[in-house]
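Asker: Here you go, one structure.
The values are calculated or read from the model by the stated rules, or taken from the named source; none is laboratory data. Quick caveat: nothing in here was measured; it's all calculated off a predicted structure. No Cβ is skipped: glycine too gets one built from the backbone with ideal geometry, and neighbour counts run over all protein chains shown. Quick note on the areas: whole protein, heavy atoms, side chains included, nothing else; ligands and nucleic acids left out. Shrake-Rupley method; radii C 1.70, N 1.55, O 1.52, S 1.80 Å.
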Amino acid sequence: MASKPVAPRQQRGAPIVGKQQKPTQAPGSNNRRALEDIGNRGNLHRGGAEGKLQTLPQVNRPLTRAFRAQLLDNAQQVNKKTVSVATGRELGVGDGPKAAKNKNKAVKPVKEVIVISPSTSKQTKEIIKSSSSAEDQKVRKQISTTKKGQEGSSRRKVKTTTSVLLNHDIDSADAEDQLALVEYVEEIYKFYRLNEEPIQICDYMGSQVELNEKMRAILTDWLIEVHHKFELMPETLYLTVHIVDLYLSMETVRRKELQLVGVAAMLIASKYEEIWAPEVNDFICISDQAYVREQILAMEKAILNKLEWSLTVPTPYVFIVRFLKASSSDQKMEHLVFFLVELGLMQYCMIKYCPSMIAASAVYAARCTLEKCPQWSETLEHHTGYSEPQLQDCARLLVSFHSRAAESGLKSVHKKYTDPQLSGVALLPPAKKLLGKVNNSKRGVSTRNSS
């Protein structure tokens with residue numbers, strides 16, 4: 001590609017070569033001035049009545065390291081000149097008869113110390129009067145200490161509430177991860193705990209004419225199987241079960257429409273949680289053509305209107321993630337916790353427990369199953385908000401579901417977690433020690449009451 005010819009640079013005010021000069025406009029008209037040599041004009045500005053070049057005020061430079069060093073060097077040179085002038089006066093140089101009178105008086109040199117803050121980029125001057133070399137050394141040490149402290153504070157350290165209360169800060173490893181939200185994670189989970197009580201589902205099975213607990217367990221078992229076959233996110237499963245329970249607590253549903261409610265609930269949860277949600281045709285095929293497209297969409301609309309489009313709720317999943325982090329768990333323990341919680345999803349009796357209680361009890365039951373020591377720690381108690389005695393009843397139920405999972409007719413969860421990719425946690429022996437501990441305590445209570 002050929003380069004453009006460069007026109008020779010001409011002097012200012014000279015006529016332009018090769019072009020005809022435009023006639024000058026009359027005074028008072030809109031006379032536009034062309035841009036000229038902006039990069040080479042420096043601090044000059046054309047102003048005044050005669051149009052002469054004037055010097056603009058000097059612009060403050062950013063305080064770089066080199067510029068700071070230059071400022072400090074200039075300050076030291078000013079100090080040296082001040083000391084030399086004061087010494088000359090002591091010797092009587094240039095003062096005549098006044099020098100003899102002030103010969104025996106000690107002159108205190110005035111030193112100017114410049115303290116520069118890198119965070120604010122402002123120049124602060126402090127006039128320090130010193131009369132000895134020892135004080136001068138103290139001033140220099142103070143300046144160096146201030147500079148080191150300011151350089152060290154340029155990178156802000158994140159301190160969470162946990163780091164103050166406990167020696168083991170579970171968020172310290174994620175301090176540099178912006179997605180971990182270390183600065184706000186404590187407030188986020190406080191918000192979850194405040195909002196899990198208003199959404200607590202009441203006992204609704206008595207108001208359902210054609211439904212019972214076994215039908216709900218069959219539906220949940222089928223939804224877990226569909227969720228696993230579609231390879232959906234874990235959040236989708238927990239939100240689906242919550243939508244089903246919440247809708248059944250508000251609306252009476254016939255028996256033949258129960259599966260339709262489950263399909264529409266999973267469709268809604270998939271649209272809320274998934275990046276690529278399954279289509280309606282996928283749910284039609286998975287339900288063996290039991291419902292047509294219009295029925296699924298109509299039920300989806302009915303559920304959303306009944307729930308008033310309120311889908312942002314704290315499910316057990318959000319608490320499981322946090323409590324597993326506080327437990328310093330490995331992959332096997334994570335799989336075991338999710339196995340226990342999914343077993344609890346199928347049981348209607350678990351709706352009386354709030355999501356955080358279910359998650360904390362699953363972590364406690366998993367630690368007892370794997371014989372972790374200690375079974376419950378101060379770190380877990382702080383982050384979960386539950387003590388070990390508070391978790392006994394809920395954990396005992398989860399362990400009892402684990403002990404009956406292999407013999408149950410609903411085997412979707414058990415079959416899912418026998419997979420070696422999920423550490424085969426369904427094949428682990430349940431924590432019978434936990435069941436024995438609770439049973440022994442109940443026997444002691446009954447013996448006391450009888451006596």
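So that you can scan it fast, the table gives a plain yes or no per residue for (1) aliphatic (A, V, I, L, M); (2) surrounded by fewer than 17 Cβ atoms within 10 Å (Cβ to Cβ):
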residue: 256; (1), (2): no, yes
residue: 270; (1), (2): no, no
residue: 274; (1), (2): no, yes
residue: 298; (1), (2): yes, yes
residue: 305; (1), (2): no, yes
residue: 308; (1), (2): no, yes
residue: 313; (1), (2): yes, no
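Asker: Now, a different point. Residue 445 passes all but one of (1) over 26 Å from residue 229 (Cα atoms); (2) modelled with pLDDT of 80 or more; (3) in a helix (DSSP H, G or I); which number fails?
Answerer: Against the list (1) over 26 Å from residue 229 (Cα atoms); (2) modelled with pLDDT of 80 or more; (3) in a helix (DSSP H, G or I), residue 445 comes up short only on (2).
Asker: Residues in the stretch 207-241 that are open to solvent by 80 Å² or more (accessible area, probe 1.4 Å), part of a helix (DSSP H, G or I) and either under 14 Å from residue 351 (Cβ atoms) or not aliphatic (A, V, I, L, M) (or both): how many?
Answerer: Of the residues in the stretch 207-241, 5 are open to solvent by 80 Å² or more (accessible area, probe 1.4 Å), part of a helix (DSSP H, G or I) and either under 14 Å from residue 351 (Cβ atoms) or not aliphatic (A, V, I, L, M) (or both).
Asker: Being of a type in the set (Phe, Trp, Tyr), open to solvent by 20 Å² or more (accessible area, probe 1.4 Å), modelled with pLDDT of 90 or more and under 25 Å from residue 325 (Cβ atoms): is that true of residue 353 here?
Answerer: yes
Asker: While we're looking at this one, here's another question. How many residues are touching a helix residue (DSSP H, G or I) at 6+ places or on another chain (Cβ under 8 Å) and part of a helix (DSSP H, G or I) when one looks only at the stretch 360-389?
Answerer: Qualifying residue count, the stretch 360-389: 15.
Asker: Can you confirm whether residue 403 is open to solvent by less than 30 Å² (accessible area, probe 1.4 Å) and not hydrophobic (A, V, I, L, M, F, W, C)?
Answerer: No, not satisfied.
Asker: Now for a different question. Consider residue 232 carefully, then state whether it is farther than 17 Å from residue 307 by Cβ, modelled with pLDDT of 90 or more and not charged (D, E, K, R).
Answerer: Yes.
Asker: For the stretch 318-357, name all the residues that are more than 17 Å from residue 381 (Cβ to Cβ) and either charged (D, E, K, R) or touching a Pro at 6+ places or on another chain (Cβ under 6 Å) (or both).
Answerer: The answer is 330, 332, 334, 341, 342, 352, 355.
Asker: Can you list residue pairs whose Cβ atoms sit under 7 Å apart, with the first residue in the stretch 240-263 being closer than 16 Å to residue 313 by Cβ and the second being of a type in the set (Lys, Arg) and surrounded by fewer than 21 Cβ atoms within 10 Å (Cβ to Cβ)? Count only pairs 6 or more apart in sequence or on different chains.
Answerer: Within 7 Å, the pairs are 247/306; 250/306.
Asker: Continuing with this model, one more query. Of everything in the stretch 356-374, what is surrounded by 18 or more Cβ atoms within 10 Å (Cβ to Cβ) and either in contact with a Cys (Cβ under 6 Å, 6 or more places away or on another chain) or among the aliphatic types (A, V, I, L, M) (or both)? Give them in sequence order.
Answerer: Listed by number, the residues that qualify are 357, 358, 359, 360, 361, 362, 363, 365, 366.
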